[in-house]
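So the structure is just underneath, and the comments pick up after that.
The values are calculated or read from the model by the stated rules, or taken from the named source; none is laboratory data. Quantities reported herein were computed from a predicted structural model and do not represent experimental measurements. In this analysis, Cβ positions are derived from the backbone assuming ideal geometry, glycine residues included, and neighbour counts consider all displayed protein chains. Protein only, heavy atoms only, side chains kept; ligands, DNA and RNA dropped before computing areas. Shrake-Rupley method; radii C 1.70, N 1.55, O 1.52, S 1.80 Å.
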Amino acid sequence: MREAFGVVFDVEPGYLNTASIGVPPRHVADAVAAAHERWRRGQDTSSSFTDAVETSRAAFGQLVGVPATSVACGATVSQFASLVAQSLPAGSRVFVEPGEFTSVSLPFVAAGHRIAASIDECDLVAVSVVQSADGAVADLGALRASGKPVLLDVSQAAGWMPLSLEWADFVVGVAYKWLMSPRGAAWLAVRPDRLESLRPVAANWYSTGENYGTDLLLRPDARRFDLSPTWFAHVGAAVALPWVASLDLTAVRAHCVGLTDRLLTGMGLPPTGSAIVSVGEPAAEGVVSSVRAGRTRYACHLYNTAEDVDRVLAALS
């Protein structure tokens, strides 16, 4: 058990793998367990989960700096990136970072668009705010100044990095990493002037409010792009995301980056300013980490302490 930022975590020491799977606070896990118990007893209907979906929607908006009306709920980043990709004119040029996570890059390839060699040559930039493989942080100021339409993936940023992305055309993100919720919830924030540029390619009962028939009666805001929600994922997200949004995220960033700086400095490497680091050393014994792009990846979140970092340094010394 660990206490951090006012809550209790049951995470084991040496867990440095939030970039793959975030560990929930105890009160989030308890809420999901209680929902499973209600399911086991047949105590819910589909409408029982509406409040959870709307709470998580609003909290994701708060975390990225947009109103709830600009946020659609779904299940994966690739689903939302595909929505944007399928709505672009044929043969559009899209810039993605070399080594970008495939859930961001491949939807544009599958839609037949061209990968641009530079931002200057593109019609859209699709990029992770923090890169999955090595934790590299995008220069958001330069992206905004470029004037190019952008799709930003905050899956490796939201939850430890303060974000204000109301200027971005599209923002996507998942629940199960830094937001410490069950897998199965994701969101798309759409700038209001870009709503009409997207085609509702997965229109359904939840995005229209109509259970039967062939009339396409789209909701007036970003909910027109909703998928029918994965209930238990949103139960967890409805508890986790408002709590995360209530934190001083500047202090959260300082905590997380302070730990990665401690790790890098201890290895004789320069700090990077990211909560995710990638090193050429083999994975440390007794520590949970990942291997990405042939390198060992460590990630430090709220529940991590200097003890976790020192485990790595001791194992590699």
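Can you give the helix-only mean residue ellipticity at 222 nm for the chain, where every DSSP H stretch with n ≥ 4 adds -39500 (n - 2.57) and the sum goes over all residues, rounded to the nearest 500 deg cm²/dmol?
Value at 222 nm, helices only: -10500 deg cm²/dmol.
State, to one decimal in nm, how far the label point of R40 lies from the label point of E121, with both points 7 Å from Cα in the Cβ direction.
5.8 nm
Restricting to the range 62-173, what percent of DSSP beta bridges are antiparallel, rounded to 5?
Taking every DSSP beta bridge within the range 62-173, about 10 percent pair in antiparallel fashion.
May I ask you to derive the relative contact order of the range 194-317, considering only C-alpha pairs under 8 Å and at least 6 residues apart, and to give it as an integer percent?
Once normalised by length, the contact order is 18 percent.
Please work out how much length the chain gains when fully extended from D30 to E54, using 0.36 nm per residue of separation minus the C-alpha to C-alpha distance, in nm with one decimal.
6.7 nm
Might you report the magnitude of the Cβ-based charge dipole of the chain about its Cα centre, with Lys and Arg at +1 and Asp and Glu at -1, to the nearest 20 debye? Intermediate results must be reported in sequence, preceding the final value.
Numbers: 24 positive and 31 negative charges, 71 e Å.
Dipole size: approximately 340 debye.
How many percent of DSSP beta bridges within the chain run antiparallel, rounded to 5?
The answer is about 60 percent antiparallel.
Once you order the gyration tensor axes a ≥ b ≥ c over the Cα atoms, which shape class does the range 243-317 get: rounded for a/c under 1.5, otherwise prolate or oblate by comparing a/b with b/c?
Here the range 243-317 falls in the prolate category.
So, with +1 on the Cβ of K and R and -1 on the Cβ of D and E, and no other charges, what is the size of the charge dipole of the range 206-283 about its Cα centre, to the nearest 20 debye?
For this selection, approximately 100 debye.
Note down the magnitude of the dipole of the range 77-161 about its Cα centre, charges +1 on Lys and Arg C-beta and -1 on Asp and Glu C-beta and zero elsewhere, to the nearest 20 debye.
That gives the range 77-161 a dipole magnitude of about 200 debye.
Let me know the shape class of the range 88-200, please: from the alpha-carbon gyration tensor, a ≥ b ≥ c as square roots of the eigenvalues, rounded when a/c is under 1.5, otherwise prolate if a/b is greater than b/c, or oblate.
Rounded.
Once the dipole of the chain is set up with Lys and Arg at +1 and Asp and Glu at -1 on Cβ about the Cα centre, which of G74, T18, T45 lies farthest towards its positive end?
Result: T45.
Determine by what factor the alpha-carbon radius of gyration of the range 23-82 differs from 2.2 N^0.38 Å, reporting the quotient.
1.34
Using only Cα positions of the range 158-217, each an equal point scatterer, no hydration layer, compute I(q)/I(0) via Debye at q = 0.17 Å⁻¹ and quote the log10 values to two decimals.
One equal scatterer on each Cα of the range 158-217 leads to -0.79.
Leaving ligands, DNA and RNA out of it, rank W160, W231, W243 by accessible area with a 1.4 Å probe, largest first.
The most accessible residue leads, giving W231, W243, W160.
Provide the FRET efficiency to the nearest 0.05 for the D310-D139 pair, computing r from the beta carbons and using R0 = 30 Å. Walk me through the numbers before you get to the answer.
Working: r = 32 Å, r/R0 = 1.07.
Step by step, r from the Cβ atoms, then E = 0.40.
Gain in length, L247 to L218, computed as 0.36 nm per residue apart minus the alpha-carbon separation, to one decimal in nm?
Gain in length upon complete extension: 6.9 nm.
Gain in length, V291 to S20, computed as 0.36 nm per residue apart minus the alpha-carbon separation, to one decimal in nm?
Additional length available on full extension: 96.5 nm.
Could you compute the FRET efficiency for E281 and S47, with r as their C-beta to C-beta distance and R0 at 45 Å, rounded to 0.05?
Working: r = 52 Å, r/R0 = 1.15.
My answer for the efficiency is 0.30.
Quick check: convex hull over the Cα atoms of the range 75-151, volume per residue in Å³, rounded to an integer?
86 Å³
Would you mind classifying the range 158-317 by shape? Square roots of the alpha carbon gyration tensor eigenvalues, ordered a ≥ b ≥ c; an a/c under 1.5 is rounded, otherwise it is prolate if a/b is larger than b/c and oblate if not.
prolate
Only bridges with both residues in the range 122-205 count here: give the DSSP antiparallel percent, nearest 5. Working shown, then result.
On the way: 6 of 13 bridges.
Rounded to the nearest five, the antiparallel share is 45 percent.
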